[in-house]
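Structure in C-alpha cells, see below.
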Amino acid sequence: MLVERLIAHVRTTHVPERGLLIFADHWSFGRNAPPRINGFMPDVFASDLPTTFEVVGEAKTMDDLRTERSRRQIVGFLDHLAVRPNTHFYLYVPPLAQRQARSILNALVLPHHAATRIEVLDGT
C-alpha cells in the first residue's frame, strides 16, 4: 500500500509536457522495474525524456527504515541524485512515522546531497 501511494504521489506531482516515464517495483508494472542504483532497486524511478529531472522514491516501514541495509540504500540513492540536475527523493512512511523518519533521513543527508529536493511523506 505504501508503494501504491508513492506511485500516485509521483504521478500527480510530476507532470512534464512530454509525459512521465515511471518504473516501479510493484506487481502492476510487470517487468517495468526501476533500474538498479548503486546496487539497490528503488521502489519508484521516474523522469521525463529527454531527461530534465529524475525522481527516486522509496517506501519504508519504520522497522525496515531502521536497518543498516535501508540506510545504505538511501545514501546510495541520494549519491546518485546528487550528480544530476533537478532531482527529487521521496521517502514514504506509514502515518504517524514522519517525525522519526525525518530524523533518520536527516542523519543520512550529506552536504553534497543539498541540491536534491528531499521529502518525507506519510499520506496524511
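The values are calculated or read from the model by the stated rules, or taken from the named source; none is laboratory data. From a predicted model like this one, the values you see are computed outputs, not experimental measurements. FYI the Cβ positions are ideal-geometry reconstructions off the backbone, even for glycines, and counts take in every protein chain you see. Accessible surface areas use protein heavy atoms only, side chains included; no ligands, DNA or RNA. Shrake-Rupley method; radii C 1.70, N 1.55, O 1.52, S 1.80 Å.
Of all residues in segment 7-32, count the ones that are touching a His at 6+ places or on another chain (Cβ under 9 Å) and among the aliphatic types (A, V, I, L, M).
Result for segment 7-32: 4.
Just checking, does segment 32-54 include any residue being free of Cβ contacts under 8 Å to residues at least 24 places away in the same chain and aromatic (Phe, Trp, Tyr)?
Looking through segment 32-54, at least one residue is free of Cβ contacts under 8 Å to residues at least 24 places away in the same chain and aromatic (Phe, Trp, Tyr).
Ok, one more. Residues of segment 77-95 being in a strand (DSSP E or B), touching an Asp or Glu at 6+ places or on another chain (Cβ under 6 Å) and of a type outside the set (A, V, I, L, M, F, W, C), which ones?
Listed by number, the residues that qualify are THR87, TYR90.
Right, here's the next one. Please pick out the residue among GLY57, GLY39 that is of a type in the set (Gly, Ala, Ser) and out of contact with any strand residue (DSSP E or B) (no Cβ under 8 Å at 6 or more places or on another chain).
Answer to the selection: GLY39.
Here is a follow-up. Just checking, does segment 93-103 include any residue being open to solvent by less than 70 Å² (accessible area, probe 1.4 Å), within 19 Å of GLU54 (Cβ to Cβ) and free of Cβ contacts under 8 Å to residues at least 40 places away in the same chain?
No: segment 93-103 contains no residue that is open to solvent by less than 70 Å² (accessible area, probe 1.4 Å), within 19 Å of GLU54 (Cβ to Cβ) and free of Cβ contacts under 8 Å to residues at least 40 places away in the same chain.
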